[in-house]
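Read through the structure below, which is laid out as structure tokens, and then see the notes.
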Amino acid sequence: MNRREFGLAALTAGGIPGAAQKAGAAAATGSHIGNLYPFVQKQADRAPIELSFLRAEFRDLKSWQKLARAKVFEHMFYTPPPVEANPQVIRRTDRGDYVEEYLAFSTTPDLRVPAYVLIPKNTRLPAPGIVALHDHGGFYLWGKEKLIQLEGEHPVLTEFRQKYYGGKSTAVELVRQGYVVAVIDMFYWGERRMILDDDPFEFRERPSTMAEERIREFNRRSSQNEQLVARSMITAGITWPGVMLWDDIRTLDYLASRPEVDRRRLGCVGLSVGGYRTLMLSALDERIRVAVSVGFMQSHPAQIRRNVINSTGLTFHLIGLLRYLDLPDLSALIAPRPIMFINGSRDGLFNQNGLKAAYEIIARCYTKAGVTERQVCRLYDAPHEFNSEMQAEAWQWVRKWI
């Protein structure tokens, strides 16, 4: 089945209502965009995907990667000049079997990002380094703390981690396995959240006594304004994904510069938007030797009928890139390096037929690259999460390669 045929199949997958038409009445579409859907879907089905590595004219992987990677960078519409990281360690805490550093460093001349770096104490250094990338989750008040459990943390944060991470602090799980781990706040999350001029003390300081309803109120407001911030960035001539992805690349720069880190053995892992960031960081930076992307994979044409609403936004969508590369096509930018994709069959954010199609494209890309065994696409009977069973398989995959 070619991509156009897949798109047409996805149109009817799951049984789009075929209600009897009354004279002059439009056919039911079952889509969030109603009668506009057929037109939009046809455009997606006709998209040429001009730079897919699976096209017959692309025979040499390295030559194709140079061309395709340049196209991705072009669509980021943001290229910050290089800058010295100038890290400032604010606090260093002995956690028994590892040391936790809370610090800030520069990613651009205009941005300093808050971060945690975890350093194992019972491992021979320099050790492999991992960039751990936090999720979206509609939960903006905290970012990096989702992956690092701290004393006295708010119970709502603990509950969030229980729901999406099986109660585990994934950065801590990794440092205890012998990796040096870096975690930053993504733009608009945690210490980089949006604070308005007249915001109350609670929104500004995040006290441990903050009421659950106030946390929900802050997250709700942040959700309502997320696309406004993205549109404001577009008005400034840049894109949110550009800022986000360059922050991640510069985080890798900083991690690789640390004396405790073996820069030949670097990896990344993330859930949800962290899974998207993992895919993109691996695709754009060849220093990543192994990656695990969780909860963010799809062939985009299958999303249009009902799944765009909570999965595609200006926050993490490179406008126009889908004319050239579908999301699974980006996996060929990672080959021959190893990548694992993990998703849930009960994840309502993504069309399951589109997920299966994406997995097939990834397998074909790696087969064409001659390294079929270096990609693994796993589907769990699970919702949108990175549970303990998924984590066990992910950590085994990382150990295998670095």
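The values are calculated or read from the model by the stated rules, or taken from the named source; none is laboratory data. Everything numeric here is computed off the predicted structure, so don't read it as measured data. Cβ coordinates were reconstructed from backbone atoms using ideal geometry, including for glycine residues, and neighbour counts include every protein chain displayed.
For segment 322-374, a tally of residues being within 14 Å of residue 298 (Cβ to Cβ) and of a type in the set (A, V, I, L, M, F, W, C) returns 13. Within segment 220-248, being crowded, with 18+ Cβ neighbours inside 10 Å, farther than 15 Å from residue 75 by Cα and of a type in the set (S, T, N, Q) holds for one residue alone: 222. Is it true that residue 183 is modelled with pLDDT of 95 or more, touching a Lys or Arg at 6+ places or on another chain (Cβ under 9 Å) and in the same structural domain as residue 291 (by TED's automatic domain parsing)? Yes; evaluated as a whole, the condition is true for this residue. You will find that of 129, 34, 30, 96, the residue that is more than 25 Å from residue 334 (Cα to Cα), out of contact with any His (no Cβ under 9 Å at 6 or more places or on another chain) and either in contact (Cβ under 8 Å) with a residue 60 or more places away in the chain or among the polar types (S, T, N, Q) (or both) is 30 and no other. Restricting 342, 362 to residues that are of a type in the set (Val, Ile, Thr) and within 22 Å of residue 174 (Cα to Cα) narrows the list to 342. Scanning segment 312-346 for residues that are surrounded by fewer than 22 Cβ atoms within 10 Å (Cβ to Cβ) and of a type in the set (Gly, Ala, Ser) turns up 313, 320, 345. Selection over segment 351-402 of residues that are closer than 30 Å to residue 60 by Cβ, among the aromatic types (Phe, Trp, Tyr) and under 18 Å from the mean Cα position of the chain (by Cα) gives a count of 1. If you check residue 377 against the conditions, is it assigned to a helix (DSSP H, G or I) and of a type outside the set (D, E, K, R)? No, not satisfied. Looking across segment 46-90 at every residue that is charged (D, E, K, R) and under 25 Å from the mean Cα position of the chain (by Cα), the one that is nearest to residue 369 (Cα to Cα) is identified as 62.
Is it the case, given these coordinates, that residue 363 is surrounded by 20 or more Cβ atoms within 10 Å (Cβ to Cβ) and not charged (D, E, K, R)? So residue 363 does not fit the description; no.
Within segment 206-261, the set of residues being β-branched (Val, Ile, Thr) and at pLDDT 95 or above comprises 215, 229, 234, 235, 238, 239, 243, 249, 251, 261. For segment 334-343, the condition of being modelled with pLDDT of 95 or more, within 17 Å of the chain's Cα centre (by Cα) and among the small types (Gly, Ala, Ser) holds for none of the residues. Picking from residues in segment 146-183 that are aliphatic (A, V, I, L, M) and over 20 Å from residue 289 (Cβ atoms), the one that is nearest to the chain's Cα centre (by Cα) is 147. Residues that are at pLDDT below 95, out of contact with any Ser or Thr (no Cβ under 8 Å at 6 or more places or on another chain) and charged (D, E, K, R) do occur in segment 310-325, at least one of them. For residue 108, the conditions (1) within 27 Å of residue 193 (Cβ to Cβ); (2) in contact with a helix residue (DSSP H, G or I) (Cβ under 6 Å, 6 or more places away or on another chain) are fulfilled apart from (2).
Every residue, every condition in (1) touching a helix residue (DSSP H, G or I) at 6+ places or on another chain (Cβ under 9 Å); (2) closer than 30 Å to residue 238 by Cβ; (3) not polar (S, T, N, Q), yes or no:
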{"site": "144", "(1), (2), (3)": "yes, yes, yes"}
{"site": "149", "(1), (2), (3)": "yes, no, no"}
{"site": "166", "(1), (2), (3)": "yes, no, yes"}
{"site": "183", "(1), (2), (3)": "yes, yes, yes"}
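Step by step: first the residues of segment 199-258, then only those that are among the β-branched types (Val, Ile, Thr) and not in a helix (DSSP H, G or I), then the one that is farthest from residue 131 (Cα to Cα). Which residue is that? By that ranking, first place goes to 209. Being at pLDDT 95 or above, among the aromatic types (Phe, Trp, Tyr) and not in a helix (DSSP H, G or I) is a description that applies to residue 188.
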